[in-house]
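Notes follow the structure.
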Amino acid sequence: MHGGGFLKVFLVIADITLLMDWYVFNGLRTFMSDWQSQRLKQIVLFGYLLISIGVTVMLLFGFGSFSTAKGMTPFHEWVLSLFLTFFFTKIFFVIILFLGDLGRLFYGIGDRVISGAKPDRPFFPARRKFISEVAILVAAVPFTGFFYAMLKGKYDYKLHKQTLYFDDLPDAFDGFTITQVSDIHSGSFDNIDAVQRGIDMAKSQKSDLFVFTGDLVNNAAWEIEPYIERFSQLRAPYGQFSILGNHDYGDYIEWDSEAEKAANLEELKNQHKKLGYRLLLDENLEIEKGGQKISLIGVQNWGRGFIQIGDLDKALKGVDPGAFKILLSHDPTHWEEKVRHNPTKIHLTLAGHTHGAQFGVEAGKLRWSPVQYRYLDWAGLATQNGRNLYVNRGFGFLAFSGRLGIWPEITVITLKKKTV
């Protein structure tokens, strides 16, 4: 969706949020009904309106400059994130207040129709302060959660370690380690020191191989430039390899010409070279250790509902059918639709793309995120017919400048020879 499309959507949402502001305003008046200071009441009420409506106005003006900015900048993402924080906080407040008002309605009906109350008595009993207090307490949960996600969660890097066992892994690769990073989305970063902490965490793993599985930028090649020196610190004895993700092709913003868009993609490919990453574009290579080899395969983006130019058959050309194979493919739906049932067995596919929606719950066996209604495999390991998929939750963030429950991830996978 381009800037104009975003603007139309948010004009509709702005109308909805202004209606909610009116409802919240009246709920706050009830909450403060017994306050003695009129001045304090006015400060709270009009301060709320000023902040809430101000954020909505900032959103509209901010997205008005979306196309000229060549996509979302950290400014756009912060404005959107503040708007979403207030929007969902108001939804929770309004739901509780509305339930209380439904109770008032039913009470009024019962009082008038069943009890035969006099017509001069008010149909609606007065809104109780207690309901407004409950609404404030409930609304405080998303409010604090969103701010935590924006101020801390989006850089709260987590290390996920996974050991995988294979019957046909070459003996020399028993214990071979791979560090995976995905979805850097460098155009969203707003704290270089925090990003460096994540890079340092990845470096400290000292893995044999480093792979990056797509979405280096949000839209434009220049977004990675301030971070090239930092991400080029990620080195491994057996090399650094990368692929493109759907955002790397520049499809989500307006370009002055197709030539400008093509030049951006070429520059992005050069950025991979500057990072020290070998970009795999529907091709394969062999990694040798101790006289034995495994095949590393990389495809361009192929995703259900997204750009589909990755060519797995082309990427597999020349690969020994009996070789141990690792595939880098950005979108997990590629594994779902093309890889897991392919006649050629690919032992391990490494993907990203979903970000785990940057929101959800992962506690023990409890795993939930709204992204699960879009993707069959949205985070972690999936296995079918001896073929494995690992979906990285993403290093960066996009649109919403935060993460809550689904934290940014650095993955370390250890390959092990299965013994009888």
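The values are calculated or read from the model by the stated rules, or taken from the named source; none is laboratory data. These numbers were taken from a predicted model, which means no experiment stands behind them. Don't worry about glycine lacking a Cβ; one is built from the backbone with ideal geometry, like all the others, and counts go over all protein chains shown. For accessibility, only protein heavy atoms count, side chains too; no ligands or nucleic acids. Shrake-Rupley method; radii C 1.70, N 1.55, O 1.52, S 1.80 Å.
Here are a few things to note about the model shown:
Rundown of residues vs (1) at pLDDT 95 or above; (2) outside any helix (DSSP H, G or I); (3) surrounded by fewer than 22 Cβ atoms within 10 Å (Cβ to Cβ); (4) of a type in the set (A, V, I, L, M), yes/no style:
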| site | (1), (2), (3), (4) |
| --- | --- |
| Gln196 | yes, no, yes, no |
| Asp200 | yes, no, yes, no |
| Val211 | yes, yes, no, yes |
| Asn218 | yes, yes, no, no |
| Glu223 | yes, no, no, no |
| Pro237 | yes, yes, yes, no |
| Leu244 | yes, yes, no, yes |
| Asp256 | no, yes, yes, no |
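- For segment 297-338, filtered to residues that are among the acidic types (Asp, Glu) and within 17 Å of Asp377 (Cα to Cα), the residue that is most open to solvent (accessible area, probe 1.4 Å) is Glu337.
- Segment 280-291 - residue that is surrounded by fewer than 21 Cβ atoms within 10 Å (Cβ to Cβ) and of a type in the set (A, V, I, L, M) and, of those, farthest from Glu336 (Cα to Cα): Ile287
- In segment 350-405, residue nearest to the chain's Cα centre (by Cα) [restricted to those that are of a type in the set (A, V, I, L, M) and part of a loop (DSSP other than H, G, I, E, B)]: Leu398
- Residue match in segment 311-321 (condition: touching a Lys or Arg at 6+ places or on another chain (Cβ under 9 Å) and closer than 27 Å to Ile406 by Cα): no
Listed here are the residues, each with its yes/no results for (1) assigned to a helix (DSSP H, G or I); (2) of a type in the set (Gly, Ala, Ser); (3) free of Cβ contacts under 8 Å to residues at least 40 places away in the same chain.
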site	(1), (2), (3)
Ile228	yes, no, no
Ala259	yes, yes, yes
Glu266	yes, no, yes
His272	yes, no, no
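- Among the residues of this structure, Glu288 counts as one that is assigned to a strand (DSSP E or B) and farther than 29 Å from Tyr227 by Cα.
- Meets criteria (among the hydrophobic types (A, V, I, L, M, F, W, C), open to solvent by less than 10 Å² (accessible area, probe 1.4 Å) and closer than 26 Å to Pro74 by Cα) for Met150: yes
- Residue pairs whose Cβ atoms lie under 9 Å apart, separated by 6 or more positions or on different chains, with the first residue in segment 34-53 and open to solvent by 80 Å² or more (accessible area, probe 1.4 Å) and the second of a type in the set (Phe, Trp, Tyr), are Ile51/Phe86.
- Among residues of segment 191-212 that are farther than 14 Å from Tyr238 by Cβ and among the aromatic types (Phe, Trp, Tyr), those with a beta-carbon under 9 Å from a residue that is modelled with pLDDT of 95 or more and part of a strand (DSSP E or B) at least six positions away or on a different chain give the pairs Phe212/Gln180; Phe212/Val181; Phe212/Gln240; Phe212/Phe241; Phe212/Ser242; Phe212/Leu328.
The rows are residues; the columns are (1) over 22 Å from the mean Cα position of the chain (by Cα); (2) outside any loop (DSSP other than H, G, I, E, B); (3) touching a residue at least 40 places away in the same chain (Cβ under 8 Å).
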| position | (1), (2), (3) |
| --- | --- |
| Ser295 | yes, yes, no |
| Gln300 | no, no, yes |
| Gly305 | no, no, no |
| Gly310 | yes, no, no |
| Ala323 | yes, no, no |
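- Which listed residue is modelled with pLDDT of 95 or more, open to solvent by less than 50 Å² (accessible area, probe 1.4 Å), under 30 Å from Ile294 (Cβ atoms) and not in a helix (DSSP H, G or I), from Leu159, Leu164: Leu164
- Within segment 359-392, considering residues that are in contact (Cβ under 8 Å) with a residue 60 or more places away in the chain and under 29 Å from Leu296 (Cα atoms), the one most open to solvent (accessible area, probe 1.4 Å): Leu381
Here is a yes/no grid of residues against (1) closer than 24 Å to Leu350 by Cα; (2) under 20 Å from the mean Cα position of the chain (by Cα):
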{"position": "Gln233", "(1), (2)": "yes, no"}
{"position": "Gly239", "(1), (2)": "yes, no"}
{"position": "His247", "(1), (2)": "yes, yes"}
{"position": "Ile253", "(1), (2)": "no, yes"}
{"position": "Glu258", "(1), (2)": "no, no"}
{"position": "Ala262", "(1), (2)": "no, no"}
{"position": "Leu265", "(1), (2)": "yes, no"}
{"position": "Lys269", "(1), (2)": "yes, no"}
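- Phe189 being open to solvent by 20 Å² or more (accessible area, probe 1.4 Å) and touching a helix residue (DSSP H, G or I) at 6+ places or on another chain (Cβ under 6 Å): no
- Evaluation of Ile294 against (1) touching an Asp or Glu at 6+ places or on another chain (Cβ under 8 Å); (2) open to solvent by 20 Å² or more (accessible area, probe 1.4 Å); (3) of a type in the set (Val, Ile, Thr) (one fails), failing number: (2)
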